[in-house]
1. Give the residues of the stretch 6-18 that are surrounded by fewer than 17 Cβ atoms within 10 Å (Cβ to Cβ), in a strand (DSSP E or B) and over 11 Å from the mean Cα position of the chain (by Cα), sorted by residue number.
2. Sort out which residues of the stretch 92-123 are in a loop (DSSP other than H, G, I, E, B) and of a type in the set (D, E, K, R), and write them in order of number.
3. Look through the stretch 19-35, keep the residues that are out of contact with any Asp or Glu (no Cβ under 9 Å at 6 or more places or on another chain) and assigned to a strand (DSSP E or B), and return whichever of them is nearest to Arg53 (Cα to Cα).
4. Quick one: how many residues across the stretch 61-76 are open to solvent by 30 Å² or more (accessible area, probe 1.4 Å) and outside any loop (DSSP other than H, G, I, E, B)?
5. Please count how many residues of the stretch 77-104 are among the polar types (S, T, N, Q) and open to solvent by 40 Å² or more (accessible area, probe 1.4 Å).
6. Please go through the stretch 2-49 and pick out each residue that is in contact (Cβ under 8 Å) with a residue 24 or more places away in the chain and on the phi > 0 side of the Ramachandran plot.
7. Select from the stretch 26-60 the residues that are at pLDDT below 95 and buried (at least 24 other Cβ atoms within 10 Å of the Cβ) and list them in ascending order.
Amino acid sequence: QVQLVESGGGPVQAGGSLKLSCTASGRTFSSYAMAWARQAPGKEREFVAGISRGGGTTYSTDSVKGRFTISRDNAKNTVYLQMNSLKPEDTAVYYCAGALYYSGSEIRRYDTWGQGTQVTVSS
C-alpha cells in the first residue's frame, strides 16, 4: 500500500492560484486511481477531482470545473491539483486519496489517504 503526502497549500487571495502536489511512496502508484477531496470547517468531506490510473481520464465536481485541473506523473509518483481563480468558498483542508479497485467520485471508496494540506482563500 502506498503512503501519500500532500504539499503546496497555504494562504492566497481570491482570484489567485495554487498548485497542490501529492507524492506517493512505494512502487505501485500507477496501479491507483487518484483523487483530491476537501473538507471545510463544519462540513463533510467532498470530492473535488479524480484521475484514472494512466491519466487519460479526469473528472471534477461542478463547482471547480474550468478552474481546477488534476494531473499525474507516474514516473514521479505524484498527482497534482492546479487551482486557479480561487474563491473564499474553496477554503478547506485538501486531501489526496488513492484507490486500487475503484475510479470515480465516491470518496468513501478510496482506501488510502494523505494527511491533508490547508488552503485558505481570503477575499
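The values are calculated or read from the model by the stated rules, or taken from the named source; none is laboratory data. In this text the structure is predicted, and so the values were computed from the model without any measurement. When we count neighbours, we look across all protein chains shown, and the Cβ atoms used for this are built from the backbone with ideal geometry, even at glycine. Only protein heavy atoms, including side chains, enter the accessible area calculation; ligands, DNA and RNA are left aside. Shrake-Rupley method; radii C 1.70, N 1.55, O 1.52, S 1.80 Å.
1. Gly10, Pro11, Gln13
2. Taking the stretch 92-123 first, the residues in a loop (DSSP other than H, G, I, E, B) are 100-106, 110-111, 114-116, 123.
Result: Glu106, Asp111.
3. The first filter runs over the stretch 19-35 and keeps only residues out of contact with any Asp or Glu (no Cβ under 9 Å at 6 or more places or on another chain), leaving 19, 24-35.
Then drop every residue that is not assigned to a strand (DSSP E or B), which leaves 19, 24, 33-35.
Numbers: Lys19: 20, Ala24: 13, Ala33: 5, Met34: 7, Ala35: 10 Å.
Selected residue: Ala33.
4. Looking only at that region, the number is 9.
5. Residues in the stretch 77-104 being among the polar types (S, T, N, Q) and open to solvent by 40 Å² or more (accessible area, probe 1.4 Å): 4 in total.
6. Gly8, Gly10, Gly15, Gly26 - these are the residues of the stretch 2-49 that are in contact (Cβ under 8 Å) with a residue 24 or more places away in the chain and on the phi > 0 side of the Ramachandran plot.
7. none
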